[in-house]
1. What are the residues in the range 108-155 that are buried (at least 17 other Cβ atoms within 10 Å of the Cβ) and either more than 24 Å from the chain's Cα centre (by Cα) or more than 17 Å from Gln87 (Cβ to Cβ) (or both), if any?
2. Six or more apart or on different chains, Cβ atoms under 8 Å: show the pairs whose first residue is in the range 112-130 and closer than 17 Å to Gly37 by Cα and whose second is basic (Lys, Arg) and surrounded by 12 or more Cβ atoms within 10 Å (Cβ to Cβ).
Amino acid sequence: MTRVWLFLHFFGFVFWIGGSLAAMVAGIAARREDRAGLGAIARAQAGITKALIAPGALATVISGLLLTFRNSGGIYPGANTGLILMQGAGLVGGLITLLITVPTVSKLGRLDPEGKTAAYFDELRQRHRLVASIAGVLALTALVGGVLVAQGGYR
């Protein structure tokens with residue numbers, strides 16, 4: 001059963017990071033668009049978030065927690081630094097993604113960038129940019145921790 005959870009963990013992480021990179025590229029491309037084009041890009045980012053990022057982050061966090069408690073009973077004093085880094089950064093990044101990024105980008109995808117909601121649209125774009133960047137850095141930090149674990153750890 002551990003192999004199934006490891007598969008879900010890796011598969012979820014690929015969806016989470018891959019989807020985040022796709023949404024980031026779409027956001028960078030938005031710099032060249034006019035106001036009308038921003039709505040289409042926001043809807044694309046919302047679709048990417050709902051189809052890839054959210055399920056990937058959820059699968060990664062759940063499988064990571066199950067693997068942690070199944071194999072060790074939690075974070076224990078003898079854990080190596082890479083494992084603690086992976087667990088901490090992954091859990092915090094996943095929670096930020098699921099609790100802040102997903103609702104923010106979902107609202108953003110429903111708003112009109114040119115109408116009465118233009119100011120709120122811009123505010124949500126800024127929030128999404130900041131929160132998604134923080135969650136992305138934490139996800140990459142967890143990836144580094146996972147590499148340290150795979151390479152025998154770092155004490």
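None of the figures in this text is laboratory data; all of them are computed from the coordinates on show. Keep in mind that what you see is a predicted model, and the values were worked out from it rather than measured. Note that we place each Cβ from the backbone using ideal geometry, even for glycine, and neighbour counts take in every protein chain shown.
1. Selection gives Leu108, Gly109, Leu111, Pro113, Phe121, Leu124, Arg125, His128, Val131, Ala132, Gly136.
2. Pro113/Arg35; Glu114/Arg35; Ala118/Arg35; Leu124/Lys107
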